[in-house]
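One structure is given below, encoded as structure tokens.
The values are calculated or read from the model by the stated rules, or taken from the named source; none is laboratory data. The structure displayed is predicted, hence computed values, not measured ones. Counting neighbours? That spans all protein chains shown, and the Cβs are built from the backbone with ideal geometry, glycine included. Keep in mind that these areas ignore ligands, DNA and RNA; they rest on the heavy atoms of the full protein, side chains included. Shrake-Rupley method; radii C 1.70, N 1.55, O 1.52, S 1.80 Å.
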Amino acid sequence: MKSITTLPVAVSLLSVALLVGCEGPQGPPGETTVVSLEGFAADIKCGDCHNPDVDSTYYVWAKKYQWELSKHYFGGDFERNSSSCAGCHTTEGFVERMQGKSVTNHVDASPPGCFACHSPHSRGDFSLRTKAPVVLTSAITGVPDQTFDFGKGNLCAECHKPRTLSPKMNANAPGDSMVITTSRWYPHYGVQSQMLMGTGGFQFPGYTYTGNSNHATNTVIKQEGCIACHMADASAGSGIAGGHTMNIEYENTSRQKAWLLNGCTVSGCHAAASFTINYIGSSSSLTGGVGTHTAVEAYLDTLFQLLGSKGWIETDPASSSFGLVKASSSKPLVVKPAVKAGVLFNYYFVEHDLSKGSHNTRYAVELLKSSIAELRKP
Ligand code: HEC
Ligand code: HEC
Ligand code: HEC
Ligand code: HEC
Ligand code: HEC
């Protein structure tokens with residue numbers, strides 16, 4: 001039976017909300033101090049979610065504890081709260097963006113939380129705030145934008161999507177030179193959506209790309225998206241991954257790295273007996289038989305050394321710009337022929353995906369192998 005207890009504090013808040021009006025004051029368009037109160041659904045029972053007893057409807061407390069173990073909660077980057085960052089890095093900015101308002105600065109911002117992905121008060125449930133397909137802007141001249149449509153995963157892609165890049169990667173840049181004027185000339189950190197669907201990398205002319213791994217078209221993943229793997233139910237002893245932690249990697253009780261593979265080994269996908277995080281399936285011929293993570297880490301390492309010896313990226317761990325592009329507005333990096341800037345671009349693209357090839361092994365490995373071959377060409 002659902003509890004219908006209404007906490008006294010909740011009652012007072014409700015009356016405030018009613019006084020303010022359920023829609024919340026909207027203010028004139030363009031005003032920056034808009035209150036984004038989405039109101040309370042009619043007949044909402046506060047106790048359904050704010051339950052001092054055992055909540056077996058939504059397990060809100062459990063979800064809160066899981067979320068507190070996610071990087072959404074502890075990542076710390078919610079101070080990226082200016083209008084150009086807040087739309088992905090804060091709940092306040094994300095809600096504005098989803099409401100179709102322009103994103104404003106939020107000095108007192110909170111990280112992506114319950115009210116970003118859900119709107120429990122206005123809807124009275126935990127349905128996802130959005131499931132609409134997401135346009136992924138292309139950072140490569142001549143390559144069109146793509147639409148990401150992976151069901152529930154579309155919510156994730158609203159933030160785990162690329163940002164604009166200036167200048168765009170352009171193999172036909174004027175004078176056949178890419179002029180790079182910033183040390184952060186790379187795809188931002190949310191490239192997972194592109195990687196999963198197999199778009200966004202730079203493909204060199206004259207090299208054959210054979211497509212994607214199964215994940216890009218798998219029927220379960222097309223409906224569940226990121227959730228299929230990242231929000232699997234945790235099993236005993238692995239309570240610190242899956243669910244609202246959204247982590248796959250965790251530290252086990254012996255303080256060793258472990259991976260929650262419950263999402264991978266569901267029936268119809270991988271056989272549990274032999275499956276590891278370093279799996280290699282049909283892309284084995286591309287990697288000489290080694291596992292996804294081993295292969296991708298080795299190729300990234302090779303590229304890092306090669307790009308370092310070119311003087312394109314900073315490889316000195318003692319430098320404050322370690323790992324960044326060696327370029328600034330006063331000292332631009334000029335890459336000629338322009339097409340070779342695709343190597344730099346792909347290095348960061350695969351690195352920032354962070355899955356070490358798990359999302360789309362074939363796509364990642366072929367981008368890395370072709371990039372290495374291109375840079376080694378005289
Ligand atoms: C469908 C679930 C749901 C219902 C129903 C619900 N809430 Fe909430 N509410 C939440 C969640 C989730 C949070 C954020 C997590 C938390 O603080 O527990 C929250 C947070 C709050 C907070 C804390 C806000 C803060 O800034 O710390 C108050 C106060 C609150 N709700 C009041 C109410 C009142 C009053 C009602 C009934 C009119 C109500 N809630 C009904 C889910 C719900
Ligand atoms: C409101 C924007 C937003 C949404 C929606 C969102 N994320 Fe995130 N996600 C972020 C941000 C921002 C970070 C980094 C947080 C930080 O560094 O402070 C992050 C971090 C993560 C991480 C940790 C990455 C690491 O480096 O360890 C995972 C995993 C993740 N998100 C998965 C998901 C999944 C799965 C979904 C969909 C269910 C999702 N995210 C939806 C913004 C979002
Ligand atoms: C389109 C959404 C989006 C926008 C806009 C955005 N970010 Fe991010 N950013 C992300 C996501 C998603 C992550 C987390 C990726 C991960 O950890 O997997 C992230 C991660 C980061 C990180 C952490 C990198 C690391 O190594 O842990 C920094 C720093 C950052 N963003 C800065 C900014 C700044 C500054 C702005 C505004 C100028 C900005 N971001 C705008 C989506 C966005
Ligand atoms: C980054 C996005 C994100 C954040 C933040 C988030 N959730 Fe969720 N939540 C999801 C997704 C995705 C699902 C899975 C929906 C599905 O499988 O249909 C979900 C499912 C749920 C469910 C189950 C809904 C049902 O009908 O069974 C509850 C309850 C819930 N979340 C509560 C919370 C609470 C409480 C918080 C804050 C502590 C929170 N969520 C934060 C994305 C998020
Ligand atoms: C087929 C399963 C699968 C799907 C679908 C999937 N991921 Fe992953 N993801 C993984 C695996 C496996 C890793 C690697 C985990 C590790 O090595 O710690 C990973 C890593 C990540 C990381 C880096 C986490 C970290 O701790 O460094 C982020 C962020 C991420 N995924 C986000 C997403 C987003 C966003 C989506 C949807 C666009 C998505 N993933 C779809 C399996 C998946």
Checklist entry - Want the number for Ser274 to Ser102: 0.36 nm per residue separation, take away the alpha-carbon distance, what's left? => result 57.0 nm
Checklist entry - With each pseudo-label sitting 7 Å past Cα toward Cβ, what's the Val54-Ser166 distance in nm, one decimal? => result 5.8 nm
Item to check | segment 77-144 shape via C-alpha gyration tensor axes, a/c threshold 1.5 | outcome: oblate
Checklist entry - Once you sort the root eigenvalues of the Cα gyration tensor of segment 136-183 as a ≥ b ≥ c, which label holds: rounded (a/c under 1.5), prolate (a/b larger than b/c) or oblate (the other case)? => result oblate
Next on the checklist: Ordering His106, His160 by accessible area with a probe of 1.4 Å, largest first, what comes out?
Outcome noted: His160, His106
Item to check | the chain: projected area of the alpha-carbon convex hull, averaged over directions, in nm² | outcome: 22.9 nm²
Next on the checklist: Charges on Cβ only, +1 for Lys and Arg, -1 for Asp and Glu, centred on the Cα centroid of the chain; of Val179, Met197, Ser122, which one is farthest towards the dipole's positive end?
Outcome noted: Val179
Checklist entry - For segment 112-250, what is the relative contact order in percent, using Cα pairs closer than 8 Å and at least 6 residues apart in sequence? => result 19 percent
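Let me know the charge dipole size of the chain about its Cα centre in debye, to the nearest 20, where only the beta-carbon of Lys, Arg (+1) and Asp, Glu (-1) is charged. Kindly include the intermediate steps, with their values, before the conclusion.
Values: 29 positive and 30 negative charges, 214 e Å.
My answer is approximately 1020 debye.
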Checklist entry - Once Lys and Arg get +1 and Asp and Glu get -1 on their Cβ, which of Ser84, Pro112, Gln99 lies farthest toward the positive end of the dipole of segment 84-136? => result Gln99
Next on the checklist: Positive end of the dipole of segment 263-378, charges at C-beta (+1 Lys, Arg; -1 Asp, Glu), about the Cα centre: which of Ser371, Phe349, Leu324 has its Cα farthest in that direction?
Outcome noted: Ser371
Checklist entry - Mind checking which lysines have their C-alpha under 26 Å from Lys326, skipping anything on the same chain fewer than 8 residues away? => result Lys161, Lys168, Lys310, Lys336, Lys340, Lys356, Lys369, Lys377
Checklist entry - Which value in Å is the Kirkwood Rh of segment 260-343 over different Cα pairs? => result 16.0 Å
Item to check | Accessible area, probe 1.4 Å, largest first, for residues Trp185, Trp312, Trp259, Trp61 | outcome: Trp61, Trp259, Trp312, Trp185
Checklist entry - So how much accessible area does Glu351 have, in Å² to the nearest 10, using a 1.4 Å probe? => result 70 Å²
Next on the checklist: Please report the accessible area of Met246 (heavy atoms, 1.4 Å probe, ligands and nucleic acids excluded) in Å², nearest 10.
Outcome noted: 50 Å²
Item to check | Relative contact order computed over segment 85-144 (Cα-Cα under 8 Å; 6+ residues apart), in percent | outcome: 23 percent
Checklist entry - Considering amide H positions built from the backbone, and no H for Pro or chain starts, which residues 5 or more places from His118, or on another chain, come under 5 Å of its amide H? => result Arg129
Next on the checklist: Restricting to DSSP loop positions (anything but H, G, I, E, B) with no more than 14 other Cβ atoms inside 10 Å of their own Cβ, which trypsin sites (Lys or Arg not before Pro) remain in segment 254-332?
Outcome noted: Arg255
Checklist entry - Between Asp301 and Asn214, what length in nm is gained on full extension when 0.36 nm per residue of separation is reduced by their alpha carbon distance? => result 28.8 nm
